Amino acid sequence: MGNTQPTILKKLLKRPSAIIALFIIAITCLISIFAYVIAPDSTPAANRMIIELGAKQPGFTKQLLYIPKSSNPEHHNRFLEWFTGAQSAYLASPINSYHFSGSNLITHHYIDDQLEDSTSYPLSSLLPANHLNDLLPARQEYIIQNLIKTRTFYLGTDRYGRDILSRLLIGSRVTLAVGMIAVLLSLTIGIILGSIAGYFGGLIDKIVMWLINILYAIPTLLLVFAITLTIGKGFWEIFIAIGLSMWVGAARLIRGQVIVLREMEYIAAAKTLGLGNMRIIFRHILPNIAGPLMVIAASNFAAAILVEAGLSFLGFGVQPPHPSWGLMIKEHYNFLLTDRPLLALIPGIAIMLLVYAFNILGNALRDVLDVRD
């Protein structure tokens with residue numbers, strides 16, 4: 001098998017569509033790993049709400065005054081916070097303008113495009129302890145440089161004033177995680193049941209096929225609903241539920257491949273040598289159906305992404321405040337009929353591109369490996 005993998009990769013790289021698909025998948029994987037490093041909002045789940053800035057268009061820019069919280073949040077390992085996010089020690093308040101009046105900062109607080117109000121902040125309430133004794137110009141300079149910043153929301157904000165770009169980047173983790181877990185679960189169960197049914201045949205084959213036919217008759221979403229109600233509704237539970245609902249296709253394909261391979265001469269030779277059934281299955285049969293497994297893995301990955309998005313849209317998927325592309329569509333689909341349709345279209349386009357990439361990759365693998373059902 002070691003000699004075939006480079007050949008498969010070389011064949012894939014000769015297909016422009018496969019290169020595009022691999023590029024999209026690779027970029028999404030990198031984004032999901034370093035999401036909190038590159039996201040403008042690096043708080044956990046990118047959940048910094050600025051209600052005054054709700055539902056703003058892409059490219060919206062506003063000055064923000066960062067007001068220190070009364071109590072500083074606990075900070076854990078800095079390296080760990082790259083992957084989990086860190087609670088902010090500041091509250092963000094949008095302002096139109098500001099000026100200093102003695103030892104006070106006067107801001108014109110932004111409420112909406114027509115309204116604002118004035119707020120006065122004593123400089124001592126904004127400064128850290130080590131700057132309280134600075135001269136007045138130095139304190140003003142510290143506030144200007146560190147606490148007043150212009151922020152651009154490149155993809156706009158959602159209805160709660162959260163940065164859509166940040167939530168889109170962090171939401172890629174959910175999308176890839178559900179695909180990976182669904183593929184691992186579906187292939188594990190499918191390989192075990194499909195290979196046993198195909199190799200042994202008889203009563204075992206009839207029982208497995210009876211179970212497969214029953215599950216095939218149940219719509220995937222209804223099956224996931226049933227599993228979710230059984231094991232609970234949560235972050236990891238929904239991933240497991242999707243994985244448990246997608247193994248039937250893998251099992252059916254693997255069963256068919258094993259039925260063909262078990263009649264081959266090298267399998268008969270292995271039996272003659274006295275090799276055990278499990279060794280024959282896992283050492284001599286399954287490695288020879290790696291091609292079909294790769295194709296069905298790519299197909300299941302794409303299907304799992306769509307199922308998770310559908311479940312989140314219906315409220316059965318990942319729960320707020322965790323960002324999920326399907327949940328982002330649910331929260332903003334009613335904006336499609338307004339002048340802000342991008343709030344729902346942006347996560348929809350992200351889902352479409354990633355599903356497209358996995359489907360194209362699956363088709364390319366099928367052509368390269370010449371897999372036939």
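Using the average count of surrounding beta-carbon atoms within 10 Å as a protection proxy, the listed peptides 236-245, 351-360 rank, highest first, as 236-245, 351-360.
The lysines within cross-link reach of Lys14, meaning a Cα-to-Cα straight distance under 29 Å and a gap of 8 or more places when in the same chain, come to none at all. One Cα centroid belongs to segment 299-373, the other to segment 189-203; the line between them spans 32 Å. Across Leu65, Leu253, Leu30, mean-square fluctuation computed from a Gaussian network of the chain (C-alpha pairs under 10 Å connected) peaks at Leu30.
Cross-link reach is defined here as a Cα-Cα straight distance under 30 Å, omitting same-chain residues fewer than 8 places apart; for Lys149 the lysines meeting it are Lys56, Lys62, Lys69. Can you spot the lysines whose alpha carbon is less than 16 Å from Lys233's alpha carbon? Ignore those fewer than 8 places along the same chain. Result set, ordered by chain and number: empty. Using the Cα gyration tensor of segment 44-162, with a ≥ b ≥ c the square roots of its eigenvalues, what is the shape: rounded (a/c below 1.5), prolate (a/b larger than b/c) or oblate (neither)? It is oblate, given that a/c is not under 1.5 and a/b is not larger than b/c.
Protection proxy ranking, highest mean first, for peptides 31-40, 202-211: 31-40, 202-211, where packing is the per-residue count of other beta-carbon atoms within 10 Å, averaged. Using alpha carbons only, the radius of gyration of segment 268-373 set against its Kirkwood radius gives Rg/Rh = 1.26.
Comparing mean-square fluctuations of Leu343, Leu215, Leu306 from a GNM of the chain with C-alpha springs under 10 Å, the top value falls on Leu215. Normalising by residue count, segment 182-292 has a Cα convex hull of 105 Å³ per residue. Under a model in which nothing but the beta-carbon of Lys, Arg (+1) and Asp, Glu (-1) is charged, the chain shows a dipole of about 1200 debye around its Cα centre. Sorting the Cα pairs of the chain by distance into bins of 10 Å, from 0 upward, gives 5, 19, 23, 20, 14, 9, 6, 3, 1, 0 percent per bin. The value for segment 296-336 of Rg(Cα) / (2.2 N^0.38 Å) is 1.24. Note on the chain: dipole from Cβ charges, positive end direction compared against Gln319, Met264, Asn77; the farthest Cα belongs to Met264.
Bear in mind these aren't lab numbers, they're just calculated from the coordinates by the rules spelled out. If you're wondering where the values come from, they're calculated on a predicted model, not measured in any experiment. Cβ coordinates were reconstructed from backbone atoms using ideal geometry, including for glycine residues, and neighbour counts include every protein chain displayed.
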